[in-house]
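**Student:** First, the structure itself, so that you have it in front of you.
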Amino acid sequence: MLVVLKQNAKEVGQEAARIVAGAVRSNPSIVLGLATGSTPLGMYEGLVSLHKNSGLDFSKATSFNLDEYLGLAPENPQSFHYFMHSNFFSQVNFSSERVHIPSGALRSNYSEYCERYENEIRKAGGIDLQVLGIGRNGHIGFNEPNSSLASRTRLKELTQETIEDNRRFFPQGEEIPECAITMGIGTILDARRILILATGKSKADAVAKAIEGPISSSVSASALQLHPDVIFILDEDAASTLTQRDYYRRVLELTKKYTPEKLA
Ligand code: PGA
């Protein structure tokens with residue numbers, strides 16, 4: 001696990017965009033796992049700008065999004081379909097038939113649908129690079145606390161904390177989704193490489209538990225300790241309760257010296 005410490009949210013977005021862009025350049029047919037939320041916005045901005053100004057080419061890439069709220073149609077501005085379209089896909093040259101986002105419009109046969117989503121990922125050759133955010137409760141995707149560390153794509157009930165965190169995005173009076181379709185922790189751990197971003201004080205506790213705490217289903221992100229190729233990119237606030245910050249800085253310098261390919 002590598003921990004990259006940045007000063008602020010802007011730098012976190014830029015570093016994530018740099019790594020994703022490098023991965024796309026070295027493998028144009030890359031399969032990306034993508035995340036929504038406020039944290040990766042800077043990364044998408046960076047990627048859009050690299051596409052527009054430096055010709056970063058997504059035409060052969062494939063993507064699978066982590067999750068979607070159940071009950072939201074793609075044209076609902078709060079849906080992750082809408083988020084991905086407006087912040088990324090409409091501004092780059094991704095081919096729409098290679099974009100996959102779980103459907104929020106399902107009314108039945110959830111497990112069949114989720115199995116098909118898993119099959120699509122397998123058929124595409126698996127995810128090469130998965131981007132993640134982290135919730136205040138340590139969730140990745142919508143794998144809420146006590147999700148099985150072996151879970152696969154499925155319908156997941158949201159915790160009250162997540163529902164409250166999301167309330168700010170929904171117009172007053174509008175019903176806030178109670179469930180989501182989300183990749184499982186097992187699905188995420190199958191990715192060849194994982195990039196997880198966190199910014200702000202409200203994430204500090206979850207980040208510290210994920211990186212320095214025991215592996216536990218009560219903090220889904222702690223399962224990333226089981227993965228051999230994870231990079232955490234954190235701003236000062238999100239990293240503020242980590243106890244080994246000096247060591248992580250030293251590891252990063254030594255990585256740049258001895259194994260720079262890990263950061264390429
Ligand atoms: P956020 O969400 O980026 O909007 O904070 C992250 C998450 O809940 O996974």
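**Student:** Could you tell me whether any residue of the range 194-205 is within 16 Å of the ligand (Cβ to nearest atom), without any contact (Cβ under 8 Å) to a residue 60 or more places away in the chain, crowded, with 19+ Cβ neighbours inside 10 Å and in a helix (DSSP H, G or I)?
**Tutor:** yes
**Student:** Name every residue in the range 113-135 that is assigned to a loop (DSSP other than H, G, I, E, B), surrounded by 16 or more Cβ atoms within 10 Å (Cβ to Cβ) and within 17 Å of the chain's Cα centre (by Cα), in order of residue number.
**Tutor:** 127, 128, 133, 134, 135
**Student:** Need the failing condition index for residue 65 against (1) under 30 Å from residue 256 (Cβ atoms); (2) within 14 Å of the ligand (Cβ to nearest atom); (3) of a type in the set (S, T, N, Q), just the number.
**Tutor:** Checking residue 65 against (1) under 30 Å from residue 256 (Cβ atoms); (2) within 14 Å of the ligand (Cβ to nearest atom); (3) of a type in the set (S, T, N, Q), the one that fails is (1).
**Student:** Specify the residue that is surrounded by the fewest Cβ atoms within 10 Å (Cβ to Cβ); the eligible residues are those in the range 216-239 that are farther than 30 Å from residue 123 by Cα and away from the ligand (no atom under 15 Å from the Cβ).
**Tutor:** Among those residues, the one meeting the criterion is 218.
**Student:** Being within 17 Å of the chain's Cα centre (by Cα) and surrounded by fewer than 16 Cβ atoms within 10 Å (Cβ to Cβ) is the requirement here; does residue 38 meet it?
**Tutor:** yes
**Student:** Then there is this: Take residue 143 and tell me if it is within 14 Å of the ligand (Cβ to nearest atom) and more than 20 Å from residue 102 (Cβ to Cβ).
**Tutor:** no
Residue-by-condition table, conditions (1) out of contact with any Asp or Glu (no Cβ under 9 Å at 6 or more places or on another chain); (2) farther than 26 Å from residue 41 by Cα; (3) among the polar types (S, T, N, Q); (4) more than 16 Å from the ligand (Cβ to nearest atom):
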| position | (1), (2), (3), (4) |
| --- | --- |
| 75 | yes, no, no, yes |
| 80 | no, no, no, no |
| 103 | no, no, yes, yes |
| 128 | yes, no, no, yes |
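**Student:** Going through the range 166-193 one residue at a time, which ones are under 22 Å from residue 234 (Cα atoms) and within 12 Å of the ligand (Cβ to nearest atom)?
**Tutor:** Selection gives 166, 188.
Each value in this text was obtained by applying a stated rule to the coordinates, not by laboratory testing. Worth saying up front: this structure is predicted, and the values here are computed from it rather than measured. Heads up, the Cβs are rebuilt from the backbone with ideal geometry, glycines too, and the neighbour counts pull from every protein chain shown.
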